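Input: a single structure, listed below in structure tokens.
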Amino acid sequence: MNEPIVSLSDVKVTLAASAGPVEILRGIDLDIKPGSAVGIVGPSGSGKTTLLMVLAGLEAINAGTINVCDHDLTRLNENQLAAFRRDHIGIVFQSFHLIPAMTALENVAVPLEFNSTPNAYKQAEKALDRVGLSHRLDHYPSQLSGGEQQRVAIARAMAAGASIILADEPTGNLDRETGEKIIDLLFDMQRENGTTLLLVTHDPLLAQKCDRVCEVRDGLITQI
């Protein structure tokens, strides 16, 4: 049996606030197998996005253990966490987060160049071709539709061969028809690459496309 690619035990995150400490995650236990797709659902403010940020090493935990891709994230400094994300994690946001002054090709190539990937632009062009945007390489984000921008974001997340894709409401800014096409693309590429996918969504029908669904409420996983 495959060892988990993600393993969290009693993970807690508490943030300071003017009214006192706020418990965001209150003891998360979760194991995820390599190559699986996991939907994360729950009401706004339940801790879903914080959970993704913890898995990416972008949010420090206050207690518990977290192991991702054989890395104990609690033992890594900021430079080591940046290298961990570069080598293992791809993130797809609701708001695309493309660089406005760069073309689609440049947006995908930049993280590859940071990673010293040989032939970064050729790799980026190949990734954009796989998401159906070979005719949009020299277009800037402002010249692309919302669906096309999210395709660029998916290409960027997948291009470096990430082990895990973290998708936070990736269809939140898209109409339903465009959103369905984006989700189909995301799952097709996840299966094709054998990538592990964690998908935060408010849409229960979308979550049901995953192998497992985790419900998060008040900082706890209440149902799997």
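Tabulated data for the structure shown
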read-out: Cα-centre dipole for the stretch 1-94 with unit charges at Cβ (Lys and Arg positive, Asp and Glu negative), debye to 20; value: 220
read-out: Cross-link reach list, aspartates and glutamates versus LYS33, counting only Cα pairs under 15 Å and skipping chain neighbours closer than eight places; value: GLU3, ASP70, ASP211
read-out: GNM result for the chain, Cα springs below 10 Å: residue of ARG130, ARG75, ARG151 fluctuating most strongly; value: ARG75
read-out: Approximate spin-label separation GLU113-SER44, in nm, with each point projected 7 Å along Cα-to-Cβ; value: 3.8
read-out: Cut-off under 5 Å, modelled amide H: who pairs with ILE40 long-range; value: LEU199, VAL200, THR201, CYS214
read-out: Fraction of antiparallel bridges per DSSP, the chain only, in percent to nearest 5; value: 50
read-out: Point-to-point label distance, ILE224-ASP87, nm (Cα→Cβ direction, 7 Å offset); value: 2.7
read-out: Gyration tensor (Cα) of the stretch 28-97, equivalent ellipsoid semi-axes in angstrom; value: 19, 15, 14
read-out: Per-residue [θ]222 nm for the chain (sum of -39500 (n - 2.57) over DSSP H runs n ≥ 4, rounded to 500); value: -10500 deg cm²/dmol
read-out: Ratio of the Cα radius of gyration of the chain to 2.2 N^0.38 Å, where N counts its residues; value: 1.01
read-out: Integer Hz, Karplus 6.51/-1.76/1.60 couplings in order for the stretch 97-104, x for Gly and Pro; value: 6, 8, 8, x, 7, 10, 6, 4
read-out: Set of aspartates and glutamates with alpha-carbon distance to LYS122 below 12 Å, sequence-local pairs under 8 removed; value: GLU106, GLU113
read-out: Mean separation of Cα contacts under 8 Å (6+ apart) over length of the chain, as relative contact order %; value: 30
read-out: Given charges at beta-carbon only (K, R positive; D, E negative), |dipole| of the chain in Debye; value: 120
read-out: Sequence-separation-based contact order of the stretch 92-205, relative, with Cα cut under 8 Å and 6+ spacing, percent; value: 31
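Values quoted throughout were computed directly from the atomic coordinates according to the rules given, and no laboratory measurement underlies them. Being a predicted model, the structure only gives us computed values, none of them experimental. All Cβ positions, even for glycine, are placed from backbone atoms using ideal geometry, and neighbour counts span all protein chains on display.
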